[in-house]
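What follows is a single structure, written as structure tokens, with notes after it.
The values are calculated or read from the model by the stated rules, or taken from the named source; none is laboratory data. Remember, it's a predicted structure, so these values are computed and weren't measured experimentally. Positions of Cβ are generated from backbone atoms using ideal geometry, with glycine treated the same way; all protein chains shown enter the neighbour counts.
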Amino acid sequence: MRKKRIVIVLFLCVMLVSTACGKDKTNNTSTPTAEATPTAEATKAPEVTPTAEATPTAEATKAPEATPTAEPTQIVTDPGKVLVVVFSATGNTKKVAEMVAKIENADLYEIVPAVPYTSEDINYGNYNCRALKEQGNASARLEIGSDAIDISGYTRIYVGYPIWAGSEPRILDTFVESYDFDTATVIPFCTSGSSGIGSTGTKLATLAGSGNWQTGKRFPGSATEKDVQAWIDSMKQ
């Protein structure tokens, strides 16, 4: 009987121990919990630290260069543009004028009187001829029949005429008083049988009131192109 009790007690002890171990095993088995859901703060993208703005280089800050505007076109007078003006009743002075125009590659303008001269008008053996009467009147101004000319584009102007009664023909006075020679260089020349150019160039310059008048030159009616060339060359030295 006693053994039976002991066996029962031992059986109960074994059961108690088994039960206790089962509880421990059950308690030690951890139920996996769900993964923690990241909070909004955690999922928020990290703020990007703004970098310093690039400092503009000197080239970038340089003001754009201004595009130069086109210069106004300027009209420049050809420094080699030459005009030869001539009055000739017999043709001697015109012959010299044509030589000058050829050498200088110049334009030629002939002063033609509105009332042409006849051979009797220039007959100096007749003291009552037209030419001598006109020359005796310093205020006489003969009408020019040839068309007017624009002399504004010329930088050098030759003025040729015969010598009548020791002076320039009055029609030359009409011509120089009718034009503005501005700053052109004006070079008188004449032809005659024996008289020199005298003060005719100075008188014409005074009547013109403009232009840079030079000392003139007298040629005989027999002057050659070589004579004219030598004169022109002497002025350019």
| Mind checking whether some residue in segment 183-203 is under 37 Å from the mean Cα position of the chain (by Cα) and surrounded by fewer than 14 Cβ atoms within 10 Å (Cβ to Cβ)? | yes
| request: For segment 196-210, state whether one or more residues are under 19 Å from ALA101 (Cα atoms) and in contact with a Lys or Arg (Cβ under 8 Å, 6 or more places away or on another chain). | output: no
| task | Could you tell me whether ALA148 is among the small types (Gly, Ala, Ser), at pLDDT 95 or above and in contact with a Gly (Cβ under 8 Å, 6 or more places away or on another chain)? | result | no
| Residues of segment 154-167 satisfying the condition of being more than 14 Å from ALA89 (Cβ to Cβ) and assigned to a loop (DSSP other than H, G, I, E, B) | TYR154, THR155, GLY166
| task | Within segment 127-153, track down each residue that is in contact with a helix residue (DSSP H, G or I) (Cβ under 6 Å, 6 or more places away or on another chain) and assigned to a loop (DSSP other than H, G, I, E, B). | result | ALA140, ARG141, LEU142
| If you go through segment 205-220, how many residues are in contact with a Gly (Cβ under 9 Å, 6 or more places away or on another chain) and either in a helix (DSSP H, G or I) or free of Cβ contacts under 8 Å to residues at least 24 places away in the same chain (or both)? | 2
